[in-house]
Each structure stands twice: as C-alpha cells, then as structure tokens.
Amino acid sequence: MEVMTVNVSALAPPEPMQVILSSLAQLPNGAVLKVIHRREPFPLYERLLAHGWLYHSKQVLDESYIIYIAKGPDKQQFNAFIAANA
C-alpha cells in the first residue's frame with residue numbers, strides 16, 4: 001500500500017483533527033495514511049469508525065503515537081499492511 005504521512009504532533013487543537021481529515025479526503029484508494037501524533041486522539045477514532053474508516057494505533061514513545069488509517073473497503077490489504085509494518 002502507498003503510505004502518505006502527516007505529522008501533527010506539534011500542532012495545537014483543533015489543527016491535528018483538521019489536518020488528518022483533510023488528508024483523508026485526498027487519500028487515494030489502496031493507500032494508507034500514517035499519522036504521527038503526540039497523544040491518542042480518541043475523538044478521531046470515533047469519527048473514523050462512524051464513517052467506515054479502518055485504523056490501527058500504537059504507542060511508540062512515552063507520549064507519541066503512530067496511527068495508520070485506510071478506507072473500509074481496503075480491509076484485507078490494510079490488515080496485511082499492519083501485520084507487516086506495525
């Protein structure tokens with residue numbers, strides 16, 4: 001899968017949500033958005049699930065998270081991607 005990366009860890013709310021949603025609107029089919037965030041964005045997760053997006057998050061440092069997001073129809077590809085990369 002093609003990976004697009006956004007780093008929102010230095011942004012103040014609500015900018016991280018805005019940047020992520022804007023990036024998702026441009027995400028091509030079969031691609032994954034990799035988000036670098038300073039905390040776990042629970043409101044984003046709710047919004048993703050409500051709109052049929054897939055996501056996987058992992059804590060990489062004490063205060064840093066990597067979140068992978070893909071379109072719902074890409075579930076099989078996304079699960080293989082996560083298994084290989086996360």
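Please go through the stretch 21-35 and pick out each residue that is assigned to a helix (DSSP H, G or I) and either polar (S, T, N, Q) or in contact (Cβ under 8 Å) with a residue 40 or more places away in the chain (or both).
22, 23, 24
Give the stretch 33-73 a look and list any residue that's among the acidic types (Asp, Glu) and out of contact with any Phe, Trp or Tyr (no Cβ under 9 Å at 6 or more places or on another chain), or say none. If you could, list the steps in order and put the result at the bottom.
Taking the stretch 33-73 as the starting set, the residues that turn out to be among the acidic types (Asp, Glu) are 40, 46, 62-63.
Residues satisfying the conditions are 46, 62, 63.
Which of the residues that make up the stretch 41-86 are among the small types (Gly, Ala, Ser), in contact with a helix residue (DSSP H, G or I) (Cβ under 8 Å, 6 or more places away or on another chain) and either part of a helix (DSSP H, G or I) or at positive phi (or both)?
52 - this is the single residue of the stretch 41-86 that is among the small types (Gly, Ala, Ser), in contact with a helix residue (DSSP H, G or I) (Cβ under 8 Å, 6 or more places away or on another chain) and either part of a helix (DSSP H, G or I) or at positive phi (or both).
Restricting to the stretch 46-86, name every residue that is of a type in the set (Val, Ile, Thr) and either exposed (fewer than 13 other Cβ atoms within 10 Å of the Cβ) or within 18 Å of residue 17 (Cβ to Cβ) (or both). Can you show your working first?
Just the residues of the stretch 46-86 that are of a type in the set (Val, Ile, Thr), to begin with: 60, 66-67, 69, 82.
Of everything in the stretch 46-86, those that are of a type in the set (Val, Ile, Thr) and either exposed (fewer than 13 other Cβ atoms within 10 Å of the Cβ) or within 18 Å of residue 17 (Cβ to Cβ) (or both) turn out to be 60, 66, 67, 69.
Consider residue 68 carefully, then state whether it is of a type in the set (Phe, Trp, Tyr) and free of Cβ contacts under 8 Å to residues at least 24 places away in the same chain. Spell out the reasoning first.
Working: of a type in the set (Phe, Trp, Tyr): yes; free of Cβ contacts under 8 Å to residues at least 24 places away in the same chain: no.
For residue 68, the condition - of a type in the set (Phe, Trp, Tyr) and free of Cβ contacts under 8 Å to residues at least 24 places away in the same chain - is not met.
None of the figures in this text is laboratory data; all of them are computed from the coordinates on show. Everything numeric here is computed off the predicted structure, so don't read it as measured data. Because the Cβ atoms are built from the backbone with ideal geometry, glycine has one as well, and the counts that use them run over all protein chains shown.
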